[in-house]
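Comments concern the structure below.
The values are calculated or read from the model by the stated rules, or taken from the named source; none is laboratory data. Note that the structure is a prediction, hence the values are computed from the model and not measured. Note: ideal-geometry Cβ built from the backbone for every residue, glycine included; neighbour counts use all protein chains shown. Note: areas computed on protein heavy atoms with side chains; ligands, DNA, RNA excluded. Shrake-Rupley method; radii C 1.70, N 1.55, O 1.52, S 1.80 Å.
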Amino acid sequence: MTPKRYRRFPLQLKLSIALAIIVMTPLAVTAYFTGDITRTAANLSAEEAAERVEVMERAKDVYKSLFQTTKQLHAELADRLAKRTDLVALDPKVDVEKLLDDEGAREARLRAIAIVRPDGTIVAEAGRPLPGPEWRDKVLDEPLGTSGAMLRLTFEVEARLQENYQELERSIRSARITMEARASELPRGMRYAFLLIIGVAALAAVFVGIVMSTYVTRRIARLVDTARKVSEGQLDARVALRGNDEMAELGNAFNTMLDDLDQTRTQVQYLQRIGAWQDVARRLAHEIKNPLTPIQLAVQEAVSQYKGGDDRYGKLLGDTREIVEEEIAGLRRLVDTFRTLGQLPKVETKPLALADVLEELRLDPEVAQKLELAPPERAVTVRADKLLLKRVIANLVENGIHAGQEAGAAGKVRVSWRAEVRADVVTITVDDQGKGIAEGDRERIFEPYVTTKSTGTGLGLAIARKIALEHGGELRVASERAPTGGARFVVTLPLQGPETSLG
């Protein structure tokens, strides 16, 4: 019965409307309060401009004070030097160099000094160069007595001091004009431009929101469609979501869940089939075993009752007895195999050192000659049933030896294992020198009574896989060939394994 679908409001439309409301609400409020906002902005701007003007006025006063102080310092130094008698007497031996090093001269930044006669000739002079292009000269002439001679002093002053002062005055005038302009409301055209900018931004945001919501809802729709396909029986349906965002991660997790469900379903179906085969095997073992002994006894009785006299008939009876006993022995072996499949013991798990379990395979002399173990650097401990686990590996090793020998090789088998901590599993690989397993037979060989060997019942791999599954693991044939040239069987077991007994 198809579930009833109710009409619903599309998620894309919901997201678009919600985004439009979120963006348009501040726009509408802004449009309503634009007048108040402009007046508030004007007042704030005027206050800010007034504070800046005040700061610049104080800076201007500092400049003026600096000018006055420098001018006064130069005048005092000139007056003090002009009163020296050696300078007034126009003594050519006066040490003007020493005057430059005077503390007052250094404080006033006196760079050069010259004593000039009334006719313009120099009595004595001394000086040093300007310290850099950022300085310029300021010359001050001070009379020496009443002779008409002059004391010429050259001071260092900052070259851009006057320009900075003038630039500051221009900035103050500009700030005052701006302050007066901002004292009124912003022009109406500016308010409209402000609203237009916000409106365009809002429309752009809505457009982007619609595009993004469409992108998101389409990806959600793909997830929903895939879930519906799976519910309708398309178990191989998978969702393809590109990208590296949360939706793509959700899609990957969804696909992983479907893969796990598919694998679990396959394992459950396999165990159900094996369970059915176990019931059949138990009945066959019972039905076949019961008549075997009477048949054998009847044949033996018939042979023993013959008194002789006819050599041909006696030979026929002897041949018949051998054939019957041989076939009965074969049937008994088959019955034992059926009984093994039908009466597999429960899985009783406990921690096991995997290397010790595999090392016990060497106790068989025939196996020891063909078996190569390749342990990892660190020991691996698994929770498993020792008897059943050894049975699985022993079956794979024996099959590998036979496969290698049938292929004309030495029949060597290599067993290696490693722990995969992130996946919490241990992987055991069994490599042989056989002809390998055809791709079409990689799953079929695990079905009961299916075998690729010239001899055998085809139950060994079925039993081995059932044991692996009941341990919470898996047994499979690798898609790639083994390095030894033959098939590679892979047994995967949980490192911890199930802690309870499994039937």
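The table below lists the values:
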| item | result |
| --- | --- |
| Accessible-area value, Tyr270, 1.4 Å probe, nucleic acids and ligands omitted, Å² | 10 Å² |
| Accessible-area order (highest first, 1.4 angstrom probe) of the listed residues Lys466, Lys412, Lys83 | Lys83, Lys412, Lys466 |
| Long-range HN-HN contacts of Val123 with modeled amide H, under 5 Å | Ile115, Val116, Arg117 |
| Karplus-derived 3J(HN,Hα), 6.51/-1.76/1.60, for each residue of segment 212-218, Hz, glycine and proline x | 5, 5, 4, 4, 5, 5, 5 |
| In range of the label at Ala126: residues from segment 139-163 whose backbone nitrogen is under 18 Å from the point 7 Å along Cα→Cβ | 151-156 |
| For Gly486, residues with placed amide H under 5 Å, excluding near neighbours | Asp432, Gly434 |
| Overall dimensions of segment 44-112 as given by Cα atoms, namely Rg and Dmax in Å | 20.5, 69 |
| As computed over segment 54-205, the Cα convex hull volume per residue (Å³) | 187 Å³ |
| Proximal aspartates and glutamates relative to Lys64, as straight alpha-carbon distance under 16 Å, when same-chain residues fewer than 8 apart are discounted | Glu54, Glu158, Glu163, Glu167, Glu169 |
| Label point distance in nm, Ala89-Asp101, each placed 7 Å from Cα along Cα→Cβ | 2.3 nm |
| Of Lys98/Lys138; Lys60/Lys138; Lys350/Lys466; Lys229/Lys346; Lys346/Lys412; Lys60/Lys98, those spanning more than 30 Å from alpha-carbon to alpha-carbon | Lys229/Lys346; Lys346/Lys412; Lys60/Lys98 |
| Difference of contour (0.36 nm per residue) and Cα-Cα distance, Glu54 to Val268 | 68.3 nm |
| Distance (nanometres) between label positions extended 7 Å along Cα→Cβ at Lys390 and Ala423 | 2.7 nm |
| Relative compactness, segment 356-485, computed as alpha-carbon Rg over 2.2 N^0.38 Å | 1.02 |
| Leu261 accessible area, 1.4 Å probe, all protein chains in place, Å² to nearest 10 | 100 Å² |
| Long-range amide H partners of Val426 with built H, under 5 Å | Glu420, Leu493, Leu495 |
| Computed over segment 400-467, Kirkwood Rh from alpha-carbon pairs, angstrom | 13.5 Å |
| Cβ-Cβ FRET estimate between Ala159 and Ile197, R0 fixed at 56 Å, reported to 0.05 | 0.75 |
| Stretch gain in nm, segment Val29-Ser147, where the contour uses 0.36 nm per residue and the Cα spacing is subtracted | 33.9 nm |
| Residue-span extension gain [Gln68 to Arg117] - 0.36 nm each, minus C-alpha spacing | 14.6 nm |
